[in-house]
Amino acid sequence: MQYRPNRLAQELKTEISAIISREMPHHRLGFVTITEVKVSPDLRHARVFVSVFGSPQEQKDSLELLNNEKSFFRLLIGKRFRLRHTPEITFVYDETIEHGDHMLQLMEEIKKELPEA
């Protein structure tokens, strides 16, 4: 049953988003959105998928900064959640938004090429 990992994933998504917006005033951090969190069945690992609005360099810098601050996030999560083990956090760039945008652009180009009915 995946109830507990899914519930923890939702809680982590909310809490990590709050930490980023309120407790990480860093000039190198771009506009970061947590798109999804996946927690392992044993609750020891969490992959946090992020989308960053900005240039490719801003995306790279933001992801690097987040991964460099993993221990900061883990410390705060450990203080705020009652867990036997605080999960190891890994930030991963989520390309689904860019992929979806690219697909919409392709569909618009196809639509322009089709004769009107």
*asked:* Test of understanding: given the chain, find the longest segment containing no trypsin sites (Lys or Arg not before Pro) that are in a DSSP loop and have at most 11 other Cβ atoms within 10 Å.
replied: 29-81
*Whole-Å semi-axes of the chain's equivalent ellipsoid, largest first, each the root of 5 times a Cα gyration tensor eigenvalue?*
33, 19, 10
*Among G54, F81, V92 the positive-end extreme of the charge dipole of the chain (Cβ point charges)*: F81
*Under 30 Å from the Cα of K38, which lysines turn up, not counting those fewer than eight places away in the same chain?*
K13, K60, K70, K79
*asked:* What do you get for the angle between helix 56-68 and the principal long axis of the chain? Use alpha-carbon atoms, 0 to 90 degrees, nearest ten.
replied: 10 degrees
*Amide H contacts of G30 (H built 1.01 Å from N, under 5 Å, at least 5 apart or other chain)*: S62
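Please report the relative contact order for region 3-113, taking Cα pairs under 8 Å with a sequence separation of at least 6, and give it as a percent rounded to a whole number.
Once divided by the residue count of region 3-113, the mean separation gives 25 percent.
Only the coordinates and a few stated rules stand behind these numbers; no lab work does. Predicted model only: the values in this text are computed from it and were never measured. Positions of Cβ are generated from backbone atoms using ideal geometry, with glycine treated the same way; all protein chains shown enter the neighbour counts.
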